[in-house]
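This report refers to the structure that appears directly beneath it.
Derivation of every value follows stated rules applied to the coordinates shown; laboratory data play no part. In this text the structure is predicted, and so the values were computed from the model without any measurement. We place every Cβ from the backbone using ideal geometry, glycine too, and count neighbours over all the protein chains shown.
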Amino acid sequence: MKQLGTGADDNTGNQRGAGFWGFSVALYGRPGVAEACLALQDRFGADVNMLLLGFWRARRGFAGWAAGELDRAQAAVAPVNAALLPLRQARRALKDLQADEPAAAALYDEAKQLELRLEQIAQVWLAAASRFSPAMQDTADEEMAAAAHLYAYLDGLAPRDEAARELGAALLRAAFTA
């Protein structure tokens, strides 16, 4: 069975993969993962937390999404995303403004921290929505399960789009490369 290399202990002695947030931080920190996630976000409107949720579910043994489950997860996090998306746009604008406005640097840092906190809240909501999944939980191949989650999500965003699938493949390679 091929597994993600995200289970290292953090400096508190806790298993980083124990919770969705810790798992996500470890996975996102792997070479190439952040780049692939952000490319999917910027080019196809992917929700990075939804991408990471599929990998987390695969780690927990879920072979894929049960009927309607992907839609329910997206609906569950929609209220948080309604606040998160405009904040992300504001943070990006503040980043660009830093060259012309000295006060923008501090505002950018504050917006970045608030965005990060909202990302954590979104993950709590997604984990809760996924807690009682009717999906099968017996997969022995984490990489295949992650691919099933990922491509089901991407097919909803960009049906039959080869560029989205290529970025998905790059994300899978980055996630499962030792």
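Computed from Cα atoms alone, the Kirkwood hydrodynamic radius reported for the chain is 17.0 Å. With helices as the sole contributors, the chain gives -22500 deg cm²/dmol at 222 nm; each DSSP H run of n ≥ 4 counts as -39500 (n - 2.57), and the sum is divided by every residue. Protection proxy ranking, highest mean first, for peptides 74-86, 121-133: 121-133, 74-86, where packing is the per-residue count of other beta-carbon atoms within 10 Å, averaged. Comparing 133, 177, 102 along the charge dipole axis of the range 46-178, the residue lying farthest to the positive side is 133, per the Cβ-charge model. Using C-alpha pairs below 8 Å separated by at least 6 residues, the relative contact order for the chain is 38 percent. Take 22-31, 143-152, 48-57 and order them by the average number of nearby Cβ atoms within 10 Å per residue, most first; the result is 48-57, 143-152, 22-31. Placing unit charges on the Cβ atoms of the charged side chains and taking the dipole of the chain about its Cα centre, the candidate lying farthest along the positive direction among 44, 87, 25 is 25. Think of each Lys and Arg Cβ as +1 and each Asp and Glu Cβ as -1; about the Cα centre, that makes the dipole of the chain roughly 280 debye.
Just so you know, the Rg over Rh for the range 19-111 is 1.05, from Cα atoms, with Rh as the Kirkwood radius.
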